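Q: Shown below is the structure under consideration.
The values are calculated or read from the model by the stated rules, or taken from the named source; none is laboratory data. Everything numeric in this text was worked out from a predicted model, so none of it was measured. Here the Cβ positions follow ideal geometry from the backbone for every residue, glycine too, while neighbour counts run over all protein chains shown.
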Amino acid sequence: MAASTEFEREDEALAVCFANLKGSKHKELMRTARALAYLKRLPQQGSDVKVARRVGVSREIVREFLALLRLPSEFHPLFENNELGLEQGRKLWQLLRKRPDLASDTTSVLKRLNAMDSRALVEYLLTHPDVSVLDAEREIIQSQTVVEREFHVVAMLPEADYRMLAKRADKRNTGVSELVTEIVQQWLRVNDGTE
């Protein structure tokens with residue numbers, strides 16, 4: 001990891017971390033990564049675990065941000081311009097370590113994919129070394145199943161009824177939501193949707 005001169009004080013780095021790690025939709029990924037790297041270099045920090053505790057995130061999140069700094073510099077603008085997200089950066093780092101020849105072609109495809117599809121693409125490329133990036137993308141898209149839309153229903157119940165449902169759910173080792181869904185589906189089958 002290259003040393004960063006962007007931060008001169010701990011409070012500056014912490015401010016960037018707090019602004020970008022907690023609930024922010026628009027994250028400055030590379031700046032946050034540099035702030036975390038600065039904090040990790042401080043004598044009182046020194047480890048991903050200590051930095052994670054200090055900024056209130058998991059060690060894995062710290063590790064994923066720091067992995068962005070290990071990517072070759074030509075990939076950094078993709079994260080600075082929010083063309084790729086943190087999860088995509090992690091997968092790109094994994095691909096670069098095992099299949100560096102595919103990195104350039106893969107980044108153009110990753111820009112079009114969400115995090116879940118990006119994961120699937122990289123996993124597919126790593127397990128099918130004879131497949132091109134575009135063929136892998138096609139395979140990922142074709143393998144996606146059509147998901148039936150689900151709707152959430154809110155039911156107002158007296159506390160006693162809710163407690164009864166919770167007790168039954170506990171006996172069946174399931175959640176209340178799952179039990180209510182099962183009850184409604186069973187009622188619909190029995191009544192054949194005619195009532």
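Q: In the list His26, His76, which residue meets the criterion of being in a helix (DSSP H, G or I) and in contact (Cβ under 8 Å) with a residue 40 or more places away in the chain?
A: The unique qualifying residue is His76.
Q: Could you identify the single residue in Arg31, Arg70 that is surrounded by fewer than 22 Cβ atoms within 10 Å (Cβ to Cβ), more than 17 Å from Asp11 (Cβ to Cβ) and over 14 Å from the mean Cα position of the chain (by Cα)?
A: Answer to the check: Arg70.
Q: Please go through region 42-62 and give me each residue that is loosely packed, with under 15 Cβ neighbours inside 10 Å and not hydrophobic (A, V, I, L, M, F, W, C), ordered by number.
A: Residues satisfying the conditions are Pro43, Gln44, Gly46, Ser47, Arg53, Gly56, Ser58, Arg59, Glu60.
Q: Being at negative phi, touching a residue at least 24 places away in the same chain (Cβ under 8 Å) and either loosely packed, with under 14 Cβ neighbours inside 10 Å or assigned to a loop (DSSP other than H, G, I, E, B) (or both) is the filter here, so list the residues in region 81-92 that pass it.
A: Across region 81-92, the qualifying residues are Glu83, Leu84, Gly85.
Q: Take Ala120 and tell me if it is modelled with pLDDT of 90 or more, within 20 Å of the chain's Cα centre (by Cα) and more than 22 Å from Met30 (Cβ to Cβ).
A: Judged against the criteria, Ala120 is a match.
Q: Just to be sure, is Phe79 modelled with pLDDT of 90 or more, outside the structural domain of Leu125 (by TED's automatic domain parsing) and over 26 Å from Pro129 (Cβ atoms)?
A: Yes.
Q: Identify, by number, the condition in (1) farther than 23 Å from Leu110 by Cβ; (2) without any contact (Cβ under 8 Å) to a residue 24 or more places away in the chain that Leu39 doesn't meet.
A: Of the numbered conditions (1) farther than 23 Å from Leu110 by Cβ; (2) without any contact (Cβ under 8 Å) to a residue 24 or more places away in the chain, the odd one out for Leu39 is (2).
Q: Kindly state which helices (runs of 4 or more DSSP H) lie completely within region 102-195 and contain at least 1 residues that are closer than 27 Å to Pro77 by Cα.
A: Result: 103-110, 115-127, 133-143.
Q: Select from region 48-73 the residues that are farther than 18 Å from Phe18 by Cα and either assigned to a loop (DSSP other than H, G, I, E, B) or in contact with a strand residue (DSSP E or B) (Cβ under 7 Å, 6 or more places away or on another chain) (or both) and list them in ascending order.
A: Those that are farther than 18 Å from Phe18 by Cα and either assigned to a loop (DSSP other than H, G, I, E, B) or in contact with a strand residue (DSSP E or B) (Cβ under 7 Å, 6 or more places away or on another chain) (or both): Leu71, Pro72.
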